[in-house]
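A short write-up of the structure that comes next.
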Amino acid sequence: MAWYIIILCLFLNGIIATRNDINLENLLKRMENYEKKIVKLEMEVQKMSVIEKEAAELRKIVQGNSRPQRFLLDEGPGVAFSAYKSASFDAPSFGVKHTLIYDLVECNVGNGYENFTGIFRASAPGTYAFTWTVCASGDVNSEIGVELVIDSKVHGSIYVDSETHGEEHCSTGFVIHTIKTGDVVYTRSQGAGHEGTIRSDQYTRTTFSGWLLFY
């Protein structure tokens, strides 16, 4: 009987040892898997750290280069002008590529507009707005085309035509453009074919205006 008990004990110890070996092997495998996951997480953390640093550098660059552009200037010299023709004139006598001279000045901040030449000279660089209006008399069939010239290039064009007697027609152009100091801006007639009378009096005006929006 004693030997039977001894054999049974040895058998049970073998089973327990085998189970312990199996459990230990499983634990080792799980530890290896966890270690691999930890290594991957550490690599991801390093990548995120690099991305955060790059993002911070980009934010500094953007914040350093970006400057809000305001339509109402709070620094630097202001520039604005507005002028109109003091009297009506015959369109055929106006000629081809002839500069319109707006001789009466209502506003000339910065003294950039010359009322004896009809030319505006930019005293400061920046983005400007320009508008011009031409009116055709309805007494006769009147028509004319007028274009805006900036630094020797045409950047806008309008055409006005009073087709029937008694109709007063006006046309307005509007251009926004960035120019340099010293650039000249003016309006001039287009090609041939001008007819009738271009009107500018107490009832309607042929005008030219411009102002600096921002630097």
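The values are calculated or read from the model by the stated rules, or taken from the named source; none is laboratory data. Since we're looking at a predicted model, the values are computed, not measured. Methodologically, a virtual Cβ is constructed for each residue, glycine included, from the backbone with ideal geometry; neighbour enumeration extends over all protein chains shown.
Given the condition free of Cβ contacts under 8 Å to residues at least 60 places away in the same chain and either of a type in the set (S, T, N, Q) or surrounded by 19 or more Cβ atoms within 10 Å (Cβ to Cβ) (or both), answer yes or no: does some residue in region 121-131 qualify?
Yes, region 121-131 contains a residue that is free of Cβ contacts under 8 Å to residues at least 60 places away in the same chain and either of a type in the set (S, T, N, Q) or surrounded by 19 or more Cβ atoms within 10 Å (Cβ to Cβ) (or both).
Could you please find all residues in region 187-204 being surrounded by 20 or more Cβ atoms within 10 Å (Cβ to Cβ) and closer than 12 Å to Leu104 by Cβ?
Ser200
For region 154-164, does any single residue satisfy the condition of being over 32 Å from the mean Cα position of the chain (by Cα) and either modelled with pLDDT of 95 or more or part of a loop (DSSP other than H, G, I, E, B) (or both)?
Yes, because at least one residue in region 154-164 is over 32 Å from the mean Cα position of the chain (by Cα) and either modelled with pLDDT of 95 or more or part of a loop (DSSP other than H, G, I, E, B) (or both).
It is to be established whether one or more residues within region 135-144 are farther than 17 Å from Arg199 by Cβ and either in a strand (DSSP E or B) or among the charged types (D, E, K, R) (or both). First the steps, then the outcome.
So in region 135-144, the residues farther than 17 Å from Arg199 by Cβ come out as none.
Scanning region 135-144 turns up no residue that is farther than 17 Å from Arg199 by Cβ and either in a strand (DSSP E or B) or among the charged types (D, E, K, R) (or both).
Residues that are surrounded by 10 or more Cβ atoms within 10 Å (Cβ to Cβ), modelled with pLDDT under 70, under 44 Å from the mean Cα position of the chain (by Cα) and in a helix (DSSP H, G or I): does region 35-43 have at least one?
Checked region 35-43: at least one residue is surrounded by 10 or more Cβ atoms within 10 Å (Cβ to Cβ), modelled with pLDDT under 70, under 44 Å from the mean Cα position of the chain (by Cα) and in a helix (DSSP H, G or I).
So Thr178 clears everything in (1) β-branched (Val, Ile, Thr); (2) part of a loop (DSSP other than H, G, I, E, B); (3) out of contact with any His (no Cβ under 9 Å at 6 or more places or on another chain) except one condition, right? Which one?
Thr178 satisfies all of (1) β-branched (Val, Ile, Thr); (2) part of a loop (DSSP other than H, G, I, E, B); (3) out of contact with any His (no Cβ under 9 Å at 6 or more places or on another chain) except (2).
Select from region 119-149 the residues that are of a type in the set (Gly, Ala, Ser), more than 25 Å from Ser162 (Cα to Cα) and touching a strand residue (DSSP E or B) at 6+ places or on another chain (Cβ under 8 Å) and list them in ascending order.
Of all residues in region 119-149, those of a type in the set (Gly, Ala, Ser) come to 122-124, 126, 129, 136-138, 142, 145.
With the extra rule that they be more than 25 Å from Ser162 (Cα to Cα), the set shrinks to 122-124, 126, 129.
Residues satisfying the conditions are Ala122, Ala124, Gly126, Ala129.
Residues to consider are Phe71, Phe94, Phe120, Phe130; find the one that is assigned by TED's automatic domain parsing to the domain that holds His194 and at pLDDT below 95.
On the way: Phe71 fails: assigned by TED's automatic domain parsing to the domain that holds His194; Phe120 fails: at pLDDT below 95; Phe130 fails: at pLDDT below 95.
Testing whether each residue is assigned by TED's automatic domain parsing to the domain that holds His194 and at pLDDT below 95 leaves just Phe94.
So which pairs qualify, if the first residue must be in region 147-160 and under 12 Å from Val184 (Cβ atoms), the second must be surrounded by fewer than 16 Cβ atoms within 10 Å (Cβ to Cβ) and among the polar types (S, T, N, Q), the Cβ gap must be under 9 Å, and the two must be at least 6 apart or on different chains?
Leu148/Ser157; Val149/Thr99
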